[in-house]
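Encoded as structure tokens, the structure appears first; notes follow it.
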Amino acid sequence: MVLNFIMEVIFFFMTVFGTLGNISVSVNNMISWWRGPEKKPIHIILIHLAFTNIMILLAKGLPKTLAAFGLRNFPGDTGCKIFIYLQRVARGVSICTSGLLTVVQATIISPRASGWRRLRPQSAWHILPFFSFFWILNALIGMNLIHSVTSVSLNISQFKSEDGYCYFMQESQKTKWIVLSLMVLRDAVFQGAMGGASGYMVLLLHKHHQHVLHLQNSKLLYRTPPELRAAQSVLRLMLCFVFFYWTDCAFSLILSISLRNNSLMANIQKFLALGYATFSPFVLIHRDGLLPECWHAPCEKLRNYL
């Protein structure tokens with residue numbers, strides 16, 4: 001009971017600080033969007049990513065927080081379906097949006113003669129159809145949860161408890177394999193795109209580093225373009241994603257094949273499931289606490305003024 005209480009407190013603080021961090025990312029990008037002379041696709045992608053992260057934190061963290069304060073009958077049958085369904089959909093959209101962010105950033109910093117440059121969106125509005133596709137795709141993948149989730153355990157041998165307040169009904173093997181195959185295909189496609197774009201950006205940043213060293217040896221003054229600083233932030237964000245995604249998968253696999261109930265391992269897995277949504281905004285807010293200054297040249301003007 002002590003361990004469960006400690007974990008519920010940790011989940012509460014993760015939900016609160018993660019939500020505040022994502023709101024900060026969203027608000028700062030909205031300000032840059034409205035004030036900037038050019039509507040950049042990167043802003044709208046980060047706003048969308050922050051929104052999906054907030055959905056993950058509230059859908060997964062809110063029931064835990066309310067349970068910590070003694071509301072054990074929350075959220076009810078309909079609430080169970082809504083919260084679990086939103087968790088699944090928002091997590092999938094977050095994966096897709098992270099992949100899109102990496103690809104778009106790679107096209108922004110790519111040389112003019114590169115093939116990646118032709119993939120660069122001409123307008124921020126060209127990004128919106130991708131968001132619609134992400135939501136529709138993941139809503140369809142998670143559709144089985146509407147029928148398989150309930151808050152009432154009629155027969156414990158036919159249900160699998162989730163977080164102590166919702167239960168999963170046993171589904172047919174055909175349904176399980178269809179849903180699992182779609183999820184694996186989705187993750188493979190978007191993480192493959194993420195890996196290819198990240199590798200390409202690492203190569204470009206390495207070439208840029210060599211160029212900077214050459215200029216320093218020549219005693220020439222050189223300032224890193226804001227696009228390359230943004231690419232470095234995106235790469236750190238992708239490392240954060242890869243760490244939490246694959247460690248979450250590893251712990252989930254261990255729990256699924258384990259023959260005994262390990263509450264510590266289960267709590268670690270739940271922590272990892274919330275990790276990316278909680279810590280990713282703080283990866284972006286890594287300097288001065290102001291996201292727009294991290295991504296755009298006005299940072300220098302602000303510092304000179306102060």
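The values are calculated or read from the model by the stated rules, or taken from the named source; none is laboratory data. All figures in this text were calculated on a predicted structure; none of them were measured in a lab. Quick reminder, even Gly has a Cβ in these numbers, built from the backbone with ideal geometry, and neighbours come from all protein chains shown. Ligands, DNA and RNA are excluded from the accessible area calculation, which covers all protein heavy atoms including side chains. Shrake-Rupley method; radii C 1.70, N 1.55, O 1.52, S 1.80 Å.
Some observations on this one:
- Between Ser252 and Gln122, the C-beta separation translates, for a Förster distance of 45 Å, into a calculated FRET efficiency of about 0.65.
- With each label modelled as a point 7 angstrom along the Cα→C-beta vector, the Ser114-Ile23 pair spans 3.7 nm.
- Counting 0.36 nm for each residue step from Leu3 to Ile136 and taking away their Cα separation leaves a gain of 44.0 nm.
- Inter-probe distance in nm under a simple model that places probes 7 Å from Cα toward Cβ, at Ser151 and Val242: 4.2 nm
- Accessible surface for His206 stands near 100 Å², nearest 10, in the context of the full protein assembly shown (1.4 Å probe).
- Accessible area in the full protein assembly, largest first, 1.4 Å probe, for Lys39, Lys64: Lys39, Lys64
- Once the C-beta distance of Lys174 and Trp34 is scaled by a Förster radius of 45 Å, the resulting FRET efficiency is 0.35 to the nearest 0.05.
- Chain lengthening between Leu185 and Gln232 when straightened (0.36 nm per residue, less Cα-Cα): 14.1 nm
- Flagged links, alpha-carbon separation over 24 Å, of Lys176/Lys270; Lys81/Lys270; Lys64/Lys176; Lys60/Lys174; Lys64/Lys174: Lys64/Lys176; Lys60/Lys174; Lys64/Lys174
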